[in-house]
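Notes follow the structure.
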Amino acid sequence: MPRKTDWQASKTQFLLRNVHSGRYYLRVIRQGKEVWRALGTADYKVALSKLPEKLSEIHRTRNIERTLTSKSTFSETAALYVQRVKTDTGTKQSTKDYWQECLKALYRSWPTLENTRLSAITDQQCRNWATDYLASKRAPAPGTRNEPANTISASRFNNTLIVLRGVFQIGLETGLIARNPALSVSRVSPRPKPTRIPSRGDFRRIVEAIRTAKGVVSESCGDLAEFLVYSGCRLDEAAWVKWEHVDRERGQIWISGHETHGTKNKQARWVPIIPAMARLLDDMKANPRYPRAEDRKQAGYLTAVRECQKSINRACKKLGVQRFSHHDLRHLFATASIESAADFRTVAGWLGHRDGGALLARTYSHLRPEHSAALAARVEF
């Protein structure tokens with residue numbers, strides 16, 4: 001529940017301003033509960049222009065609830081689920097799109113579901129759907145002629161199941177059904193993926209290959225790759241770092257994420273400027289590189305590009321190094337930090353984990369073979 005001291009009333013009904021961020025929000029009371037909607041702006045006039053649309057969204061949700069009856073179909077109930085997803089202020093737009101795509105996948109995998117009365121769907125029907133869906137083939141990418149080769153992944157199945165349960169949960173809340181039949185379906189444990197961490201030597205060779213590729217944004221892609229591995233940031237966090245977030249006196253960089261949605265866990269943090277990062281920042285400051293990103297330069301963003309996966313792929317192929325992703329550079333930062341004797345709790349803070357290092361102990365405590373061998377050589381009996 002937002003604290004009263006965090007908010008300042010405006011001269012317009014329902015419109016409040018957050019005193020910390022300066023951004024405006026809509027707040028109404030519906031059925032005895034507070035409903036908040038972010039307007040995504042710190043400009044009063046812009047917020048005022050967006051207010052009617054947000055109020056209309058809330059009214060649409062209420063109107064859908066009123067139309068639901070004991071004879072409502074699954075798709076009619078799902079309409080309320082979709083409306084709630086669309087108006088959730090704590091969810092990124094890409095995530096909202098993903099949940100709606102999962103609903104479409106559910107309809108494709110269960111053709112009769114849309115027009116079936118919600119109260120008529122049984123536990124056994126849900127289990128039958130789960131069995132068939134897990135055994136089905138993943139659809140090929142749009143525009144391709146390739147035959148589907150892989151079955152549905154565990155994560156895709158689990159997320160589609162979340163949507164199925166979510167629609168039934170709305171039926172419970174509105175009194176359409178007495179129990180959630182999708183709870184009879186168990187989640188699937190995903191197979192662990194091997195962590196692809198390049199050695200420090202391979203990473204230096206890859207960065208060199210990226211920078212010397214003679215492309216228009218080759219230097220910029222090299223900057224981003226190094227920034228990711230020296231900061232441990234997620235890709236969508238690094239994209240929003242500005243020069244004003246770099247505090248050289250304190251030796252730290254402020255990671256706040258997207259201007260509206262923030263970081264993955266909604267918490268901003270400081271990350272240390274390690275020596276390699278300091279050298280990178282000095283070079284980027286002395287030699288600004290914004291070949292195709294004048295808008296990012298004007299906005300003060302630190303990196304000129306927002307992704308460099310294609311450059312990484314080409315460099316790995318050229319050097320014969322196993323391909324890795326943007327996120328694997330986060331693994332490399334965590335592993336290098338642990339190997340340098342940083343404790344789990346400290347590294348967890350740098351990475352933005354809120355569990356005090358528990359996830360690190362399970363996920364990032366792996367050691368590269370050369371480091372493991374060095375430690376093993378010290379063991380004596």
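Numbers below:
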quantity: Sole residue being small (Gly, Ala, Ser) and either at pLDDT below 80 or not assigned by TED's automatic domain parsing to the domain that holds Phe157 (or both), chosen from Ser94, Ser56, Ser75, Ser109; calculated: Ser56
quantity: The stretch 171-185 - residue that is hydrophobic (A, V, I, L, M, F, W, C) and surrounded by fewer than 16 Cβ atoms within 10 Å (Cβ to Cβ) and, of those, farthest from Phe157 (Cα to Cα); calculated: Ala178
quantity: Residue match in the stretch 287-296 (condition: modelled with pLDDT of 90 or more and among the hydrophobic types (A, V, I, L, M, F, W, C)); calculated: no
quantity: Residue selected from the stretch 21-38 under the condition at pLDDT 80 or above and farther than 28 Å from Arg66 by Cα, by the criterion surrounded by the fewest Cβ atoms within 10 Å (Cβ to Cβ); calculated: Gly22
quantity: Ser153 being in contact (Cβ under 8 Å) with a residue 60 or more places away in the chain and surrounded by 14 or more Cβ atoms within 10 Å (Cβ to Cβ); calculated: no
quantity: Filtered residues of the stretch 330-346 (kept if free of Cβ contacts under 8 Å to residues at least 24 places away in the same chain, among the aliphatic types (A, V, I, L, M) and under 13 Å from Ile274 (Cβ atoms)); calculated: Ala342
quantity: First in the stretch 124-150 and in the same structural domain as Arg179 (by TED's automatic domain parsing) and of a type in the set (Ser, Thr, Tyr), second anywhere and modelled with pLDDT under 90 and outside any loop (DSSP other than H, G, I, E, B), Cβ under 9 Å, 6 or more apart; calculated: Ser136/Thr151
quantity: All positions within the stretch 59-72 that are outside any helix (DSSP H, G or I), modelled with pLDDT under 85 and surrounded by 15 or more Cβ atoms within 10 Å (Cβ to Cβ); calculated: Leu68
quantity: Matching entry among Gln124, Gln100 (being surrounded by 12 or more Cβ atoms within 10 Å (Cβ to Cβ) and at pLDDT 80 or above); calculated: Gln100
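The values are calculated or read from the model by the stated rules, or taken from the named source; none is laboratory data. In this text the structure is predicted, and so the values were computed from the model without any measurement. All Cβ positions, glycine included, derive from the backbone under ideal geometry; neighbour counts span all protein chains shown.
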